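> My questions all concern the structure below.
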Amino acid sequence: MAQAEFLVVGGGIAGLSAAARLAAQGRVVVLEAEDAVGYHSSGRSATFAHYGIGNRPVRGMTSYSRAVFQAPPEGFADVPLARQTPALFVANEAMLPVLDALEAEMARFTDTIARVDEAEIRALCPVLRFGGEATVAGVVDRGGLRLDSDALLQGYARAVRGAGGEVSTGRRIASVRKAGSDWEVVDGKGDRWSAPVLIDAAGAWADGLAEMAGVRPLGLTPLRRTIIVVDPPEGVDARGWPFVKTAADEFYMLPEGGKLMASPVDEIEDVPGDASPEEYDVALAAHRAEQWTTLEVRRIQHRWAGLRTFSADRVPVAGFAPDAPGFFWLAGQGGFGLQTAPAMALATEALILGREWPAELAALSVERDDITPDRLVSA
Ligand SMILES: Cc1cc2nc3c(=O)[nH]c(=O)nc-3n(C[C@H](O)[C@H](O)[C@H](O)COP(=O)(O)OP(=O)(O)OC[C@H]3O[C@@H](n4cnc5c(N)ncnc54)[C@H](O)[C@@H]3O)c2cc1C
């Protein structure tokens, strides 16, 4: 039986970022089922940070996290974690009220947004289609950030190891039980770990892990999202194009190397697992690309799907389970787990160590009660 102060189940962005903060406070062991960290949601995202998604606490946490991505701790990574890339939100006639509301919401968190007219929109992304079912108005946030998810995951894993902690892959936790004041976990090979604090950062599996431990689940919902990769028009260099998203959830597109990633912004209820794209959603992505742009999707180069796991109020969850001392929830990161990770890790550290609620988060109107699990389950 290996002893630690903190056991983290799940080597995605949530588990690793929290582990990196806790590693200075005591021995941390991160246990990841797959052979590599970030294999599930954290390795399948669109890697963008913007204010066009989420609600007040999510936007506040995005704001805190942006500063970390742009100025990470010394030695965290040898490449930049973020590259400034505009986020362009477009609307057709029907979506105009949504665009207005989105602009007002985003303006509470950033002063880098502006309305853009047709000429400015065309200058940003020349393939956008205008009129009819397509764009009639747009808002740009020039402060959008393209993240390097691999550099983030590896940076956090390195930080854990550098502080004497452990990140162990190929460790699928098969049983969890309380033994005295400790939590004991056993993996599929029969190896055991024990610690007074168990952090459930198991992404889409977080409710399942809780049930294994006899802890009341939060009612998390994994929703599948699909991405396709297509070519830009021949001879066109799309690398400088923005992240483009429709104001209502219909379509987004962003450059990826010399190609374009596109999504129909699907949210299909699924079960925890190795999500794979359905033909219908792939076809829908291609259809929406042709509806919103002048692209002709002749060949889909690559496709994938991943799970975005939400709590009922779409605010992520960090906090001790009200019904199980020492069992800490770190779940429900939905479609914003990368862009909120530094803030969630800061909150996790404060909540586990019983510190004052971080002033940096309070200043961004992110309150303790917004994210603790008490709002979803009672003692
Ligand atoms: C298509 C798509 C696009 C997205 N785009 C963005 C974006 O642009 N920006 C953004 O911020 N977010 C985005 N997201 C959301 C983001 O990817 C997630 O919020 C985030 O990755 C969740 O991280 P996590 O660590 O909670 O989950 P995961 O990365 O899934 O990690 C959980 C880990 O727990 C492990 N695990 C589960 N059960 C066990 C067990 N019993 N024992 C051991 N290990 C276990 C799993 O193997 C897994 O690796 C996107 C997601 C998708 C799918």
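Every read-out reported here was derived from the displayed coordinates using simple, explicitly stated rules and does not represent laboratory data. Since this is a predicted model, take the numbers as computed values, not measurements. Note that we place each Cβ from the backbone using ideal geometry, even for glycine, and neighbour counts take in every protein chain shown.
> Between Thr169 and Glu279, what is the label-to-label distance in nm when each label sits 7 Å out along the Cα-to-Cβ direction?
In this crude spin-label approximation the distance works out to 3.3 nm.
> Write down the Kirkwood hydrodynamic radius of the stretch 221-379, to one decimal in angstroms, obtained as one divided by the mean of 1/r over all alpha carbon pairs. All intermediate terms of the calculation are to be shown ahead of the outcome.
Values: mean 1/r = 0.0560 Å⁻¹.
By the Kirkwood definition, the hydrodynamic radius is 17.9 Å.
> Same structure again: Tell me, what are the semi-axes, in whole angstrom and largest first, of the equivalent ellipsoid of the stretch 284-363 as set by the roots of 5 times the Cα gyration tensor eigenvalues?
Numbers: eigenvalues 303, 43, 21 Å².
Semi-axes from the Cα gyration tensor: 39, 15, 10 Å.
> Using only alpha carbon pairs under 8 Å that are at least six residues apart, calculate the relative contact order of the chain and give it in whole percent. Kindly include the intermediate steps, with their values, before the conclusion.
Values: 864 pairs, mean separation 91.8, N = 379.
In percent, rounded to a whole number, it is 24.
> Also, I was wondering about something else. Considering only DSSP states other than H, G, I, E and B, which trypsin sites (Lys or Arg not before Pro) in the stretch 145-216 qualify as loop sites with at most 10 other Cβ atoms within 10 Å?
Working: sites: Arg146, Arg158, Arg161, Arg171, Arg172, Arg177, Lys178, Lys189, Arg192; in loops: Arg171, Arg172, Lys189.
Listed in order of number, the matching sites are Lys189.
> Label point 7 Å out from Arg158 along Cα-to-Cβ: which residues of the stretch 341-378 have amide N under 19 Å?
342, by backbone N distance to the label point.
> Taking the alpha-carbon centroid of each part, what is the distance from the stretch 249-318 to the stretch 151-182 in angstrom?
Each part's Cα centre sits 30 Å from the other's.
> Around Trp292, under 14 Å between beta carbons, what's the net of Lys plus Arg minus Asp minus Glu among the other residues? Could the numbers behind the result be given before it?
Values: positive: Arg122, Arg129, Lys245, Arg288; negative: Glu93, Glu133, Asp249, Glu250, Glu290, Glu296.
Taking every Cβ under 14 Å from that of Trp292, the sum is -2.
> Let me ask something additional. Among the trypsin sites (Lys or Arg not before Pro) within the stretch 234-299, which fall in a DSSP loop and have no more than 15 other Cβ atoms within 10 Å of their own Cβ? List each step's numbers first, then the result.
Working: sites: Arg239, Lys245, Lys259, Arg288, Arg298, Arg299; in loops: Arg239, Arg298, Arg299.
In loop regions of the stretch 234-299 (DSSP not H, G, I, E or B), the sparsely surrounded trypsin sites (Lys or Arg not before Pro) are Arg239, Arg298, Arg299.
> A further question on this structure: Summing -39500 (n - 2.57) over the DSSP H runs of n ≥ 4 in the chain and dividing by its residue number, what mean residue ellipticity at 222 nm do you reach, to the nearest 500 deg cm²/dmol? Walk me through the intermediate numbers first.
Working: 10 runs with 100 residues, N = 379.
About -7500 deg cm²/dmol.
> Related question: Please find, in a Gaussian network model of the chain (springs between Cα atoms separated by less than 10 Å), the residue of Val37, Val116, Val315 whose mean-square fluctuation is greatest.
Val116
> While we're on this one: Along the Cα→Cβ direction, 7 angstrom out, place labels at Glu296 and Arg355. What is the inter-label distance in nm?
Going by the 7 Å Cα→Cβ label model, 5.8 nm.
> Suppose a student asked you for the relative contact order of the stretch 222-321, using Cα pairs under 8 Å spaced at least 6 residues apart; what percent would you report?
Details: 181 pairs, mean separation 38.8, N = 100.
Across the stretch 222-321, relative contact order equals 39 percent.
> Go ahead and set up a Gaussian network model of the chain, Cα springs under 10 Å, then flag whichever of Pro264, Pro217, Pro242 fluctuates most.
Maximum among the listed residues: Pro217.
> Between Ala94 and Ala119, what length comes free when the chain is fully extended (0.36 nm per residue of separation minus the Cα-Cα distance, one decimal in nm)?
Numbers: separation 25, 0.36 × 25 = 9.00 nm, distance 2.11 nm.
Here the segment from Ala94 to Ala119 would lengthen by 6.9 nm.
> Quick one: angle between helix 149-162 and the longest Cα principal axis of the chain, in degrees between 0 and 90, rounded to 10, please.
Compared with the principal axis, the helix lies near 20 degrees.
> Under 13 Å from the Cβ of Asp266, count the other residues' Cβ atoms, weight Lys and Arg +1, Asp and Glu -1, and hand me the total. Display every interim value, and only then the final one.
Values: positive: Arg224, Arg225, Arg288, Arg303, Arg308; negative: Asp249, Glu250, Glu267, Glu269, Asp270, Glu278, Glu279, Asp281.
Local net charge: -3.
> Let me ask you something else. Give a quick list of GluC sites (Glu not before Pro) in the stretch 62-166 that DSSP marks as loop, anything other than H, G, I, E or B, with at most 15 other Cβ atoms within 10 Å. Don't skip to the end; give the middle numbers.
Values: sites: Glu74, Glu93, Glu103, Glu105, Glu118, Glu120, Glu133, Glu166; in loops: Glu74, Glu133.
Answer by residue number: Glu74, Glu133.
> While we're looking at this one, here's another question. Who wins for biggest fluctuation among Ile113, Ile300, Ile352 in a Gaussian network model of the chain, springs between alpha carbons below 10 Å?
Ile300
> Under 18 Å Cα-Cα from Lys259, which lysines qualify once same-chain neighbours fewer than 8 residues away are excluded?
Partners within reach: Lys245.
> Taking the chain, how much of its Cα-Cα pair set, in percent, is spaced more than 35 angstrom apart? Let's see the in-between values first.
Values: 17647 of 71631 pairs.
Roughly 25 percent, rounded to a whole number.
> Something else: Run the dipole for the stretch 145-265 about the Cα centre, Lys and Arg Cβ at +1, Asp and Glu Cβ at -1, nothing else charged, and hand back the magnitude in debye, nearest 20. List each step's numbers first, then the result.
Working: 15 positive and 16 negative charges, 70 e Å.
Result for the stretch 145-265 is approximately 340 debye, rounded to the nearest 20.
> Only Lys, Arg, Asp and Glu count, each charged at its Cβ (+1, +1, -1, -1), so figure out the dipole size of the stretch 279-347 about its Cα centre, rounded to 20 debye. Before the final figure, lay out each step's value.
Values: 6 positive and 6 negative charges, 44 e Å.
That gives the stretch 279-347 a dipole magnitude of about 220 debye.
> For Lys189, list the aspartates and glutamates whose Cα falls under 16 Å from its own Cα; do not include residues on the same chain fewer than 8 positions away.
Reachable aspartates and glutamates: Glu32, Glu34, Asp35.
> Among bridges DSSP assigns within the chain, what percent are antiparallel (round to 5)? Walk me through the intermediate numbers first.
Values: 51 of 72 bridges.
If we restrict to bridges inside the chain, about 70 percent are antiparallel.
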